[in-house]
Amino acid sequence: LFNSLAGVAISETGVRRPTTAAPIACSWSDGSASLIERLGIPPRLRRRPLQSAESEAQLRGLVLIDLPDHDSAAVQHREHVDRILALVWVVDPEKYADAILHERYLRPMAGHAEVMFIVLNQIDRLPGEAAEQVLDDLRRLLDEDGIALGEYGEPGATVLALSALTGD
């Protein structure tokens, strides 16, 4: 998903885990260097992709950060996630209900729900109505965490389903 949003292969992908060992930043802004530096992302892991003038204008000011898995066997990977704490969470059909994700990260950030995005990626892997069922279950879990958009319109996280592979 990170590479798809960036429009260029920046972050290594693969089936073998863990793949991402350290945060990688992609920025469409000259003014983001101090933010990225404060996050502790070294210059060798910072990218500014070449885009068309139209793409550049649409993405100006955006900073994407690809983090290691929060549940990695490598302790330093979890430490990176703890230090940066993203407000856009990308989950997949296999790990969206992971207790550690909800207990350690999402629930403590419930006070910031109105600026959070929870993205269920890889919906292309789910047959038929399974994507809607998983999305409904994700929303139920987020509601239990105090993060979901409230029944009466009170602020909450934006929940999206997508496939980086197909573009849906």
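I need a count of the residues in segment 107-131 that are under 23 Å from residue 5 (Cα atoms) and part of a helix (DSSP H, G or I). Of the residues in segment 107-131, 7 are under 23 Å from residue 5 (Cα atoms) and part of a helix (DSSP H, G or I). Scanning segment 103-117 for residues that are crowded, with 18+ Cβ neighbours inside 10 Å and in contact with a helix residue (DSSP H, G or I) (Cβ under 6 Å, 6 or more places away or on another chain) gives a single hit, 106.
Taken together, the residues in segment 31-59 that are in a loop (DSSP other than H, G, I, E, B), farther than 30 Å from residue 96 by Cβ and modelled with pLDDT of 75 or more amount to 1. Annotation: of all residues in segment 138-157 being surrounded by 14 or more Cβ atoms within 10 Å (Cβ to Cβ) and outside any loop (DSSP other than H, G, I, E, B), the one that is modelled with the lowest pLDDT is 148.
The values are calculated or read from the model by the stated rules, or taken from the named source; none is laboratory data. Everything numeric in this text was worked out from a predicted model, so none of it was measured. Positions of Cβ are backbone-derived with ideal geometry, glycine not excepted, and every protein chain shown enters the neighbour counts.
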